[in-house]
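The values are calculated or read from the model by the stated rules, or taken from the named source; none is laboratory data. In this text the structure is predicted, and so the values were computed from the model without any measurement. Here the Cβ positions follow ideal geometry from the backbone for every residue, glycine too, while neighbour counts run over all protein chains shown.
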Amino acid sequence: MTTGAGSVPATTDLEDLGLDTGGHLLVERALAGLPPGDRLTVTGRHPALRIHLAAWCRAQGHGFDPDDAGSLVIVKGRAGEQRWHGAVRAGEAAGPPLRQADQRWGLAARGALVEAGGPPIGAEWADRDHVWADVAPRLYAAAAAAAWDPAAAVDWSAATRLPAEVERAVVQLMTYLVENEQAALIIPARLLGRIHPHFREVMQLLAAQAADEARHVEVFTRRAQLSGGPLGTSSAGGRASLQTLLDEPDFTTASFLLSVLGEGTFVDLLRFLHDHAPDPVTADVTRLALRDEARHVAFGVAHTAHAARADPAFLGRLRQAVERRHAALLDTAGLNGEVFDALILLAAGSWAPGAISRGWQAVQRLQQVMDEGRRRRLASIGFPDGEAAELSALHTRNFM
Ligand SMILES: [Fe+2]
Ligand SMILES: [Fe+2]
């Protein structure tokens, strides 16, 4: 292509290249440097060049002005310019997301130049403070790096034959864990589809979290099946407790109830199960889940603290969410009694009365540790100590 000032016309030579086999790239490249109204002479030997160029110019909004001598001239139109009139950048790709995402950006990448028009995304949460935490990009990177393979990360061949009653206790605990993990999988999966994609790191983090929970469901199910017996029981009260989490409609309150209070408490439970595991497979699966849960809790705490800093009145709404859940579960049994007994037996290690006594005390201590952890996390979000203690005491007996 040659372009010139004044009367020297711009030209581009396609040689044998057809406009329909890539020649349009050369024509567009030549036109890009010209203002609307300028002329571009196209030369080439392709037999259909004249017909194709006439059709292409009509479709692209350019004039076509061939002369009798066979010279093919395009007069650049304004359509390209008009197409990007009103286009806006959807924030910065590398920078933090904007405070408010525009529904009209739809699925455009953060930082893209967004052509006007196109369908709005209709995302429920487009306000940064409602879903964000500054730690989200780092937590997502950590989650992606820490993903483990259930087939390789657990030495399934290390399964040992346990006394029948201890094995039954482990199977009961695994049955309970699977139920809780299924709730923990569904909730982030539901939330992430309602977030504006401008906050992509939160979507990515929730997707990684759901994938973590999918692995937890797998390894706990697999441990429960190792000895070939039937699974344990599922209590109505336990499921009622989890159902209140599934029914929570708001992002921040759902994240608070699930991750800060529920998964926060579960971290202590998993550590207890790991410390008292009677076999290496149980020790492995609880250790692996514990590592992931620590990240889930970290996001819940960071996001809830972010939301409370942006709007201190939010603490009142979180308090109401805890009270509402407590009231909804008042008439339920809370923790499955068989799960509670299984925890005692695991910590006891034998049926000797002295051992059972020590197991019972260990489960009492576990509940204290859970309470202290909840109070600490509630305080870090911004609740005064007294209120943190009150709210922790209202937490579901089902742990999650
Ligand atoms: Fe989990
Ligand atoms: Fe989790």
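A few notes on this one:
- Residue in the range 178-200 that is polar (S, T, N, Q), more than 16 Å from ligand 2 (Cβ to nearest atom) and surrounded by fewer than 22 Cβ atoms within 10 Å (Cβ to Cβ) present: no
- Taking every residue in the range 263-278 that is more than 12 Å from ALA348 (Cα to Cα) and pairing it with any residue that is within 11 Å of ligand 1 (Cβ to nearest atom) and assigned to a loop (DSSP other than H, G, I, E, B), at least 6 positions away or on another chain, the pairs with Cβ-Cβ distances below 6 Å are PHE266/MET400.
- Residues of the range 158-174 that are polar (S, T, N, Q) and modelled with pLDDT under 95: THR160 alone.
- Residues of the range 110-153 that turn out to be touching a Pro at 6+ places or on another chain (Cβ under 9 Å) and more than 16 Å from ARG295 (Cβ to Cβ), as a count: 5
- Any hit, the range 310-332, residues being within 16 Å of ligand 2 (Cβ to nearest atom), buried (at least 19 other Cβ atoms within 10 Å of the Cβ) and touching a residue at least 40 places away in the same chain (Cβ under 8 Å): no
- The residue list GLU201, GLU165, GLU218, GLU124 contains one member that is under 30 Å from ALA355 (Cβ atoms) and acidic (Asp, Glu), which is GLU165.
- Qualifying residues in the range 201-221 (those that are more than 11 Å from ligand 2 (Cβ to nearest atom) and free of Cβ contacts under 8 Å to residues at least 24 places away in the same chain) - the one surrounded by the most Cβ atoms within 10 Å (Cβ to Cβ): MET203
- Of the residues making up the range 222-233, those that are assigned to a loop (DSSP other than H, G, I, E, B), surrounded by fewer than 17 Cβ atoms within 10 Å (Cβ to Cβ) and on the phi < 0 side of the Ramachandran plot number 5.
- Among residues that are of a type in the set (Asp, Glu) and surrounded by fewer than 21 Cβ atoms within 10 Å (Cβ to Cβ), GLU293 is not included.
- Within the range 280-303, residues that are over 15 Å from GLY373 (Cα atoms) have Cβ atoms under 7 Å from residues that are near ligand 2 (Cβ under 10 Å from one of its atoms) and at pLDDT below 95 in no pair, counting only partners at least 6 apart in sequence or on another chain.
- Neighbours by Cβ (under 8 Å, 6+ apart or cross-chain): first from the range 173-197, farther than 23 Å from GLY232 by Cβ and assigned to a helix (DSSP H, G or I); second within 15 Å of ligand 2 (Cβ to nearest atom) and not aliphatic (A, V, I, L, M): PRO188/GLN209; PRO188/GLU213; LEU191/SER255
- Flag for GLU263 being modelled with pLDDT of 95 or more, under 18 Å from the mean Cα position of the chain (by Cα) and within 14 Å of ligand 1 (Cβ to nearest atom): yes
- Filter pass, PHE299 being modelled with pLDDT of 95 or more, within 16 Å of ligand 1 (Cβ to nearest atom), among the hydrophobic types (A, V, I, L, M, F, W, C) and over 30 Å from VAL166 (Cβ atoms): yes
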